[in-house]
1. So which residues in region 50-78 are surrounded by fewer than 18 Cβ atoms within 10 Å (Cβ to Cβ) and within 20 Å of SER146 (Cβ to Cβ), if there are any at all?
2. Would region 28-49 turn up any residue that is in contact with a Pro (Cβ under 6 Å, 6 or more places away or on another chain), more than 30 Å from ASN148 (Cα to Cα) and modelled with pLDDT under 90?
3. Limited to region 79-123, what total is found for residues that are without any contact (Cβ under 8 Å) to a residue 12 or more places away in the chain, among the aliphatic types (A, V, I, L, M) and within 19 Å of ALA66 (Cβ to Cβ)?
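The values are calculated or read from the model by the stated rules, or taken from the named source; none is laboratory data. It should be emphasised that the depicted structure is a prediction, and the values quoted were computed from it without experimental measurement. No Cβ is skipped: glycine too gets one built from the backbone with ideal geometry, and neighbour counts run over all protein chains shown.
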Amino acid sequence: MKFRFVLVFLAVFASNVLAEPKEKFELHPVFYFAILEGFVAINSAMASESPEVYGSVLTLLSPLGATSSVSTTTNWVGIGSAASLGLYNAIELSDEKYSKHDIFIKNIYGWHAFALITAVTEWITGEKVETENVAVIPVHQGVLVSLNYAF
């Protein structure tokens, strides 16, 4: 069961290269929304089957997100967000106190948060800012994250 899960995961994320059609055509935005929601549902279902394996594979494959054609800051935020979701699955959700349904719902929220975080990061930073200043500062009982952005 776990081996099949890994094969499906690798088959879906094996390559981001698509052939360009001779004639470009635009798809309806609802189609893109349906693809995104299908992606979220499939990933959440895979996580509910085996959160430990899913989280480990997601964490290990999160650097592949740096191959996307967005800003450098968005790539780093995407890698960190995917790795965080993977570790959350592998460490927290692998506990027996969570049912498959609970894990599915938590991953639905997690993937939507991932999409929102990367979209907002791209909207704020994009390619408009020449320098990004991000600081992670350890403080007593926690951490302070500072993002400097020039308008």
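1. Filtering region 50-78 for residues surrounded by fewer than 18 Cβ atoms within 10 Å (Cβ to Cβ) gives 52, 60-61, 63-64, 66-69, 72, 76.
Scanning region 50-78 gives THR72, TRP76.
2. Here is the first cut: in region 28-49, the ones in contact with a Pro (Cβ under 6 Å, 6 or more places away or on another chain) are none.
No: region 28-49 contains no residue that is in contact with a Pro (Cβ under 6 Å, 6 or more places away or on another chain), more than 30 Å from ASN148 (Cα to Cα) and modelled with pLDDT under 90.
3. Within region 79-123, residues that are without any contact (Cβ under 8 Å) to a residue 12 or more places away in the chain, among the aliphatic types (A, V, I, L, M) and within 19 Å of ALA66 (Cβ to Cβ) number 2.
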